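Notes to accompany the following structure.
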Amino acid sequence: FLGAGKPPMYGDYEAQRHWQEVTYNLPIRQWYFNTSDNNLLYWGLDYPPLTAYHSFVCAYIAKLINPDWVALHTSRGYESQPHKLFMRTTVFVADLLVYIPAVILYCFSLKETSAKKKASTCALCILLYPGLILIDHGHFQYPLSLGLALWAVLCLSHDWDLLGSMAFCLALNYKQMELYHSLPFFCYLLGKCFKKGLKGKGLVLLAKLAGTVLVSFAACWLPFGTDVEQIMQVLRRLFPIDRGLFEACMFSSPTHCPDKVANIWCSLSVLIKIKNVISPRTQLKLSFAVTFLSLLPACIKLTVQPSLRGFKFALVSCALSFFLFSFQVHEKSILLVSIPVCLIINEIPFMATWFLLVSTFSLLPLLLQDGLLLPYAVTTPAFLAVCLASFSILEKTSAEDLQLKAFSLSLKGYVSWFKSFPRIVRSLFLLSLSLMGVLSVLSAAVPPPPRLPDLFPVAVAVLSCLHFLLFLGYFNVVILWDSRNRGQKKIS
């Protein structure tokens, strides 16, 4: 894993272990504050309270097995094989308890995949998505926030709106990056309230939803709610605006691999050094404005015409807008887009498979630093093979298969190439695969020119960003031109 055996920071694995050390040995009021026992510059807690509580539970179990694993100060950089086994087991248990059941139940609840064989195929493709496997078990993080968000989507698909709201509040209180999904949840539920009428059932539902959100947040923040300074300090840790517009690789050398995230700001910085031209405050305002404008159309459409199908596509579009344009984005944040894409793989298997391959490719520089070249080289082609066998994706490239029939009809008479659209899409897909394959080999096997040490990471980021911009346009077209809401229950 990244940083293993390399002081002073050791890597993301050590971050998770250190949080266990801190939460077990220090009182709650010190978890987010800089003290002599809690140096925030050394992997200080910067996730919401549920992450801290989860770290405490893991630490309690670790203490029972071997107290050295969470001993205050002396456990720093601990990397024994038994401890690695324990830490990876905690990730696997989180998968088994939260993420995997949500995926399986979601796939079996889909009306479009009523047959058990089709549901099993859909679940298999989602569970084999290489990006999440490589990040969770290679880069080392827990899938709990994504799993809880999936449970929220599952609940909403059964009209269990209060349970869905609670599940999403828990996801948001585990990782603040779930804000990527927050607006579609808000707009969909608000739209349902409008449809029911805000002078009757809709008002009652709105009151219940507001109460559920307040109670869920109050329960999560209760230990910190007695002191305003505690709450403000946690918020400062969750939203560190002083870090700058985009992320830097903490373990790279000063001249190698900084700021290589596949979003618009990093890609533009190749031509314009944004950080040097615009002040940090202006960067924050610009990022907020562009992000808000890019997700506004999908949110308005979802509020005015709430449907489960529109909700799932809006999750993709809004999360992708956040990834491309928002402030302080990490490479692995693309998973927040990929998981909603997994939810619609049964509806648009070709585009979903293509996006999931690109999202994994965008993580390549991070995966190479983690020493995950071989797992990447094995899981990515395997995932493509399963999708080809399960969905016959190359045969589903017509405008209708890609949910673009309404859009194509609106352009009829203006754009003549729509007749050859399937062939063009397949050609672009094969070209995309070829470019990603060649760049993957070059990144892994060819040393970069001395004058351009970041050539390959930059190329990966820019190529991925171009893909994501096209995908954003595609998903917004599908959302805005969709008037059928097929397969959806009427909201009454």
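The values are calculated or read from the model by the stated rules, or taken from the named source; none is laboratory data. Just so you know, these numbers come straight off a predicted model, no measurement behind them. All Cβ positions, even for glycine, are placed from backbone atoms using ideal geometry, and neighbour counts span all protein chains on display. Surface accessibility is based on the protein's heavy atoms, side chains included, excluding ligands, DNA and RNA. Shrake-Rupley method; radii C 1.70, N 1.55, O 1.52, S 1.80 Å.
Heavy atoms of the protein chains alone define the surface here; on that basis region 141-215 has 40 Å² accessible area per residue at 1.4 Å probe size.
D by Stokes-Einstein for region 240-484, Kirkwood Rh over Cα pairs, 20 °C, 1.002 mPa s: 112 µm²/s.
Dipole of the chain computed with +1 at Lys/Arg Cβ and -1 at Asp/Glu Cβ about the Cα centre; of Cys299, Pro8, Ser326, farthest Cα towards the positive end is Cys299.
Across region 446-453, coupling constants 3J(HN,Hα) worked out from phi with the 6.51/-1.76/1.60 Karplus curve, θ = phi - 60°, read 10, x, x, x, x, 7, 10, x Hz, and Gly and Pro carry x.
Here's the picture: charge each Lys and Arg Cβ at +1 and each Asp and Glu Cβ at -1 in the chain, and of Leu308, Pro365, Gly131 the one pushed furthest to the positive end of that dipole is Leu308.
The phi torsions of region 455-466, fed into the Karplus equation with coefficients 6.51, -1.76 and 1.60 and a -60° offset, translate into couplings of 4, 6, x, 5, 4, 4, 5, 5, 4, 5, 4, 4 Hz, rounded to whole numbers, with Gly and Pro shown as x. Taking Cα centre as origin and charging only the Cβ of basic (Lys, Arg, +1) and acidic (Asp, Glu, -1) residues, the dipole magnitude of the chain rounds to 1720 debye. Projecting the Cα atoms of Thr353, Leu45, Thr397 onto the charge dipole of the chain, computed from C-beta unit charges around the Cα centre, puts Thr397 farthest toward the positive end. Annotation: amide H of Tyr129 has no partner in the under-5 Å range at sequence separation 5 or more or interchain, hydrogens built in the peptide plane. Phi angles of region 332-347 translate, via the Karplus equation with coefficients 6.51, -1.76, 1.60 and θ = phi - 60°, into HN-Hα couplings of 6, 5, 4, 4, 5, 8, 5, 5, x, 4, 4, 5, 10, 5, 6, 8 Hz per residue; Gly and Pro are given as x. Compared with the rule-of-thumb size 2.2 N^0.38 Å for a compact globular protein, region 258-393 has a Cα radius of gyration ratio of 1.19. Calculated mean residue ellipticity, 222 nm, the chain: -20000 deg cm²/dmol, from DSSP H runs (n ≥ 4) at -39500 (n - 2.57) each, averaged per residue and rounded to 500.
Structural size metrics of region 1-134, computed from C-alpha coordinates, are Rg and Dmax of 18.3, 59 Å.
Compactness ratio for region 1-72: Cα radius of gyration over 2.2 N^0.38 Å (N = residue count) comes to 1.04.
Kirkwood hydrodynamic radius of the chain, from the reciprocal of the average inverse Cα-Cα distance over all distinct pairs: 23.8 Å.
Packing here is the average count of other Cβ atoms within 10 Å per residue, and on that basis the peptides 352-363, 283-294, highest first, run 352-363, 283-294.
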